[in-house]
1. Go ahead and collect, in residue order, the members of the stretch 110-139 whose backbone nitrogen is under 20 Å from a label point 7 Å along the Cα-Cβ direction of Glu58.
2. Can you show me the helix-derived [θ] at 222 nm for the chain, built from DSSP H runs with n ≥ 4 at -39,500 (n - 2.57) apiece and divided by the number of residues, rounded to the nearest 500.
3. How many times 2.2 N^0.38 Å is the alpha carbon radius of gyration of the stretch 296-345?
4. Is the stretch 23-139 rounded, prolate or oblate when judged by the Cα gyration tensor, a ≥ b ≥ c being the square roots of its eigenvalues, rounded requiring a/c under 1.5 and prolate requiring a/b larger than b/c?
5. To one decimal place, what Kirkwood hydrodynamic radius in Å is obtained for the stretch 120-236 from all pairs of distinct Cα atoms?
6. Simple spin-label model, 7 Å along Cα-to-Cβ: Val173 to Glu314 in nm?
7. Do any of Lys224/Lys272; Lys108/Lys129; Lys264/Lys334; Lys243/Lys264; Lys224/Lys264; Lys224/Lys271 go past 19 Å between their Cα atoms, and which?
8. Based on the mean of other Cβ atoms within 10 Å per residue, sort peptides 66-72, 218-224 so the most packed one is first.
Amino acid sequence: MKRWSVVSAAAGLLMTFSLAKAGSVSFPSELQSYVHDGHFEVGDFAWMRGAFPGANDEQKKRWEHLQAYSTACLNEATKQETEALLREGEKVSVSLEERPYIPYADEKCSGLWFWSSSPQNVKTWPEFKTLVTEESPVIRAYLTAVEETQKAENLIDVDGKEHESERLLIRGVTDQTIRRPLMNGLDLTGEGHPASVQVNEFRTMFLAERMEEIDHANTRWLQKIVASKGWPTLTQAGSVTSKAAWLLVQHADDDIAFQARALKLMTQLAKKGEVNQSNYALLTDRVSIALTGHQIYGSQMSCTKGRLIPLPIEQPTDVNQRRHALGIGTIEQKISEMKEAGICR
């Protein structure tokens, strides 16, 4: 199995999924009924039956076709991404398996991908169906709240003006709302009770798929703003709006070329004090990890058994000197702040 990861939060926490290798294939015709407005919707999950013991030959064949399609379209997306990076004067020096993000193909491919590898800790079909029955209402209720947050944009569609600053703030709030459970122990009920590994895995797959969809829409929208007006500076936009723009580009992991382009703009502005230095460090590390497998400022972390562990750092003994040069705290202080915020429980 090939390993893929999706960056789940501004802090750089990584969730890892599996994907089977395959060649070029078309979208499975038997799944067309699950496609609405170009987007794949999980529906009743009957199409996943072939992933579990006891499936018949037809169900197994459907599952194999699904996995093959998911891998093939993402491989094509990776190729397109590499070409886009070359146009930006950048190139990836790490292997495909080591990339900590998912290239975006289209809504059908990316939506299906999150389910193309069955939950690793759910062993039987009855167990999976029980999860679907018990957890789907809880997850969908939370996603409804996220959607209501997005609809706040409708409140400013009253005078024909763009209102970019207001839209940035709303999209920034949505960005954080969909991520909050993934950062804070997957508690969707607010009761604070730890859920089982199986429940958390199911919640993660559901939420991560929706998060990727939101990120993609935000990325396309922000690209247009930056192309027409440049990067929002602290002087022009203010600290809150500027941070919202950074949040969106920080999570534009399906378009590393755009992240690299934005980073070049922020690098020049950072020298003038026109962007938040901590945000600049976070995006620098995000892009560096994606392209080289190493980071500069140690801002990107993995969460392992309740411990925050920095991803590989270039010349790690000098990391706090580099952070000091930007005027940000030590890496030890950053880890302590993240723990106090409830990240990586």
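The values are calculated or read from the model by the stated rules, or taken from the named source; none is laboratory data. Here the structure is a predicted model, which is why all the values come from computation and not from measurement. Glycine gets a Cβ as well: all are built from the backbone with ideal geometry, and neighbour counts include every protein chain shown. Accessible surface is based on the protein model in full, side chains and every heavy atom, while ligands, DNA and RNA are left aside. Shrake-Rupley method; radii C 1.70, N 1.55, O 1.52, S 1.80 Å.
1. 125-126
2. Numbers: 11 runs with 183 residues, N = 345.
Result for the chain: -17500 deg cm²/dmol, rounded to the nearest 500.
3. Working: Rg = 11.0 Å, N = 50, 2.2 N^0.38 = 9.7 Å.
In units of the 2.2 N^0.38 Å rule of thumb, it is 1.13.
4. Numbers: a/c = 2.04, a/b = 1.93, b/c = 1.06.
In terms of gyration-tensor shape, prolate.
5. Values: mean 1/r = 0.0611 Å⁻¹.
The Cα-based Kirkwood calculation yields 16.4 Å.
6. 3.8
7. Working: Lys224/Lys272 24 Å; Lys108/Lys129 23 Å; Lys264/Lys334 25 Å; Lys243/Lys264 17 Å; Lys224/Lys264 17 Å; Lys224/Lys271 25 Å.
From Lys224/Lys272; Lys108/Lys129; Lys264/Lys334; Lys243/Lys264; Lys224/Lys264; Lys224/Lys271, over 19 Å: Lys224/Lys272; Lys108/Lys129; Lys264/Lys334; Lys224/Lys271.
8. On the way: 66-72: 22.7, 218-224: 17.0.
Order by mean packing, descending: 66-72, 218-224.
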